[in-house]
Each structure stands twice: as C-alpha cells, then as structure tokens.
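Nothing in this text is a laboratory measurement; each read-out follows from the coordinates by a stated rule. Just so it is clear, the model here is predicted, and its values are computed rather than measured. Quick reminder, even Gly has a Cβ in these numbers, built from the backbone with ideal geometry, and neighbours come from all protein chains shown.
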C-alpha cells in the first residue's frame, strides 16, 4: 500500500505547512511590534519634561499653563 499519494496525507501535510507558516508570520509580527514599541519609547523619552508646578507664592499653584 502506497500512502504517499493518499489524499488525506496530502491534506494533512498542507495543514501542517500552513500552521508553520502562520506561526512564523505571528512571530515576525510580534517582533515588528516590539521594534515599533521600542522606537516609540525612545521618542517619548526624548521629549522635554514639563517644569514642576510652583509650590510657593500666588502664581502657578493652581493652573499649569506651560505651553
């Protein structure tokens, strides 16, 4: 009996290859998202920090109007 040409063997082989391809695609997508997250974090950390609110006096204690 030759099972190499069996329809069910061919179908199972195609599904196994599709599952492997899907896993590889998901891995590449996750790595791309990680790279984008690292880039966004670098950009956010490069932004200048806002000055602290005033703690004394009558100006700048209730509303921060930093632009």
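What distance in nm separates the two pseudo spin-label positions at residue 33 and residue 50, each 7 Å out from Cα along the beta-carbon direction?
In this crude spin-label approximation the distance works out to 3.0 nm.
Can you compute the modelled spin-label distance between residue 25 and residue 10, with each label point 7 Å from Cα toward Cβ, in nm?
2.3 nm
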